[in-house]
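In what follows, a structure is listed as structure tokens, so that the remarks can point back to it.
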Amino acid sequence: MDISEAEFRAANERAVQRQAAAPIATAARYDRRTGRVVITLSNGLELGFRPHDAQGLENARPAQLAVIEISPSGQGLHVPALDADLYLPALLQGLLGSPDWMSQRRLTQMAAAKLGTAGGRVRSAAKAEAARTNGKLGGRPRKAAAKTGVL
């Protein structure tokens, strides 16, 4: 499909307008202290997220996140060590991966929550003995005491 010169110029103009209207990435780094990828935007806002929450970074080790490149448009990030790309407008909308990946991740989290709930309901001799032992030690601390540290 061929496009005309006028269509090409119009598309470029729309891109310039879109870039002017939205913040772009000016810096990106991995913060080892917080365990988050931190993106600084042109409007001064900083956006941080855990790598394991983003498609392509879910199994990343800190050393692999040492270099994060920003695309010339400022709307994309590239992690060379993982050959992973992230799209800033999607990140700003809270989308850390493709719709399929996000759905699968949500299903996995829901399944884990259900397993945890089911496991908590299990009654066994070992669990009963552990509860008795804990009771002899004073039992579970009251919520107010746990918050203030005062018994």
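The values are calculated or read from the model by the stated rules, or taken from the named source; none is laboratory data. Just so we're clear, the structure is a prediction, and the values are computed from it rather than from any experiment. Here the Cβ is made from the backbone with ideal geometry for all residues, glycine too, and neighbour counts use every protein chain on show.
Couple of notes before you dig in:
- Taking every residue in the stretch 62-73 that is outside the structural domain of residue 39 (by TED's automatic domain parsing) and pairing it with any residue that is surrounded by 13 or more Cβ atoms within 10 Å (Cβ to Cβ) and charged (D, E, K, R), at least 6 positions away or on another chain, yields no pair with a Cβ-Cβ distance below 8 Å.
- Pairs, first within 17 Å of residue 79 (Cβ to Cβ) in the stretch 25-44, second part of a strand (DSSP E or B) and among the basic types (Lys, Arg), C-beta under 6 Å, six or more apart: 38/29
- Residues in the stretch 67-84 that are part of a loop (DSSP other than H, G, I, E, B) and either among the acidic types (Asp, Glu) or in contact with a Lys or Arg (Cβ under 7 Å, 6 or more places away or on another chain) (or both) were compared, and the one that is surrounded by the fewest Cβ atoms within 10 Å (Cβ to Cβ) is 83.
- Residue count for the stretch 129-151, restricted to those that are modelled with pLDDT of 65 or more, loosely packed, with under 10 Cβ neighbours inside 10 Å and of a type in the set (A, V, I, L, M, F, W, C): 2
- Top-ranked residue in the stretch 91-116 [being charged (D, E, K, R) and surrounded by fewer than 15 Cβ atoms within 10 Å (Cβ to Cβ); ranked as modelled with the highest pLDDT]: 100
Condition check ((1) surrounded by 13 or more Cβ atoms within 10 Å (Cβ to Cβ); (2) of a type outside the set (A, V, I, L, M, F, W, C); (3) part of a loop (DSSP other than H, G, I, E, B)) across all residues:
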site: 26; (1), (2), (3): yes, yes, no
site: 60; (1), (2), (3): yes, no, yes
site: 86; (1), (2), (3): yes, no, no
site: 89; (1), (2), (3): yes, yes, no
